[in-house]
Each structure stands twice: as structure tokens, then as C-alpha cells.
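First up is the structure itself, then whatever we jot down about it.
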Amino acid sequence: MNDIAVVSYIGSIARVSLLIFFGIPLVRWCSNMLIGIFTKRFSRHVGLSIGNIVFYSGILFIIVTVLYELGFNIAALLGAAGLFGVAIGFASQTSVSNIISGFFLLLERPFSIGDIIKSGDVIGYVESIDLLSVRVRTLDNKLVRLPNEEVLKQPLNNLTYFPIKRIDCVLSMPYSVDVEYAKAQIHEVVAHNSLFLKDPAAVVMVYKLAQHDFDTEIRTFLMVRVWVATEKFSSAPAMLMQQLKDQFDKNNMVITIIHNN
């Protein structure tokens, strides 16, 4: 190997080393910077998506440049990669569909990082929105990966999209109990708890007159509807149920709570 070849080889190694040691941190820095900018301007969903696109594009550019510096025939590699890509494309239609669905989720923005969503049988906090999937932390602290295509195709409930939510509670009481007196007791519970909003006002109404399960006695069913701030929604139903029970026990009223959400 002559001196010119040695110098050229050393120069290639130096450029590759600089590209790897400085290029990768630079790409990561640019990605994080764009995540911060787009998160502030739009949402964390948009920020993460843009950041991921820039990061993987930068890494791909570094890999191609390194291969070129090491003397590989980039044109031949790209041609082989094209043929390989076609074969992989047929074998990975699901992945492509998930990527396309991910872009639709990005444009539509039905939810953001930190929202509580219900997709199928899965309910939980959105931890991340990636190119292929949405990662959800369930309410019992399990990580569930939902493919983007599945999230887009089936009905989706965003449980934290609006700032307030309604709690519905169905009560059953003997037909002989004075309905207006029972309503007054319920309104007293709601009025003395700041957790329940005054606007919209609570609603207590007769839901139906019917038999309960296999009981032959006709009973009166009341519907109780109260509104709470979304961040209190998880704890509010149990609190409402406990306070209604305490209020009825205090007045020696036998009330059965049929449904509480």
C-alpha cells in the first residue's frame, strides 16, 4: 500500500469516526429540539412524531455516508436494497398499514400523551404514540401495545378530552318510600361536597318502576347524575356511592345502589 493510499485510508477512518461520534449526538439533539418546538406549538403527539422522523432519517443518512466512506458501492447497495425492499414490502403490509394509520392519527389528533383512552377492551393512559403502535398504561399499571391500524379502525373513546365528566348512578328503593324525601337526601349529599359541580347542576329523577331481578316487589328506581372535573372522575363514583350509603343509613332508609360509573 503506497503512501497516498495510506493517507486516504486514514482520512476515511477519521471522517467515519467523526461522523459517528459527532453525527449521532447531533441528530439526537436536533430531534429533541424539534420535539420541544412542535410540542409547545401543537402537541406532544406531533412533537414526538416529527422528532422520530428526523432522528431515523438522520441515522439513515449517517449509515449511507459511512458505507460510502468505507468504499462500498452505494448505487449497487441501493439497487439491492430496492429489490429487497419490494420483497419486504409484500411481507410487511401490516407494518406499512400501521405507519399510514399513524400519520392519520397524527393529523386527526383524537388524543394526546397522558390522555385516558378506551380502545376495544383496553382502558389506560397514553404513554407514547410511535410509528407502528400506541403504548397504553392500563389503570392496573400494565403496558399494552395497540397497533395504529387497530386504533384507527375501531371505535375510540377519549375519556379525558373534555374538562368535565358526568357520573350516572342508579338507585333502587321500596315503592313505599317517599320519592321527594329520597331526592332531598340525595341533593343534600351532592350540595355538601365540593367535588360535585354546581354547573351543570345535579339531576335526580325517577328512572323506572319495576321489579328488581327475581324479586316480586315493585320498586322505584332513581337516576342520579352529577358532574365532576375530569381529573377527579376515577375517584368520584366511589365517593358518591359511600356518601349516599352513609346518608341513607343515617335516615334509616334501605336503598340499593344498582349501577355506578
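Residues satisfying the criterion are present in segment 173-184 (criterion: assigned by TED's automatic domain parsing to the domain that holds PRO237 and assigned to a strand (DSSP E or B)). Consider segment 172-194 and keep the residues that are at pLDDT below 90 and touching a strand residue (DSSP E or B) at 6+ places or on another chain (Cβ under 8 Å). The one that is surrounded by the fewest Cβ atoms within 10 Å (Cβ to Cβ) is TYR175.
I'd like to know if segment 137-149 contains one or more residues that are of a type in the set (A, V, I, L, M), surrounded by 13 or more Cβ atoms within 10 Å (Cβ to Cβ) and modelled with pLDDT of 80 or more. Checked against the condition, which is being of a type in the set (A, V, I, L, M), surrounded by 13 or more Cβ atoms within 10 Å (Cβ to Cβ) and modelled with pLDDT of 80 or more, segment 137-149 yields at least one hit. None of PHE90, PHE72, PHE104, PHE21 is more than 28 Å from the chain's Cα centre (by Cα), of a type outside the set (A, V, I, L, M) and at pLDDT 75 or above except PHE21.
Scanning segment 224-261 for residues that are part of a loop (DSSP other than H, G, I, E, B) and over 24 Å from the mean Cα position of the chain (by Cα) returns ASN251, ASN252, MET253, VAL254, ILE255. Taking segment 99-121, which residues are crowded, with 17+ Cβ neighbours inside 10 Å, assigned by TED's automatic domain parsing to the domain that holds ARG145 and under 13 Å from LEU146 (Cα atoms)? Within segment 99-121, ILE117, SER119 qualify.
The values are calculated or read from the model by the stated rules, or taken from the named source; none is laboratory data. Please read these numbers as outputs of a predicted model, since none were measured by experiment. Please note: Cβ atoms are built from the backbone with ideal geometry, for glycine as well, and neighbour counts cover all protein chains shown.
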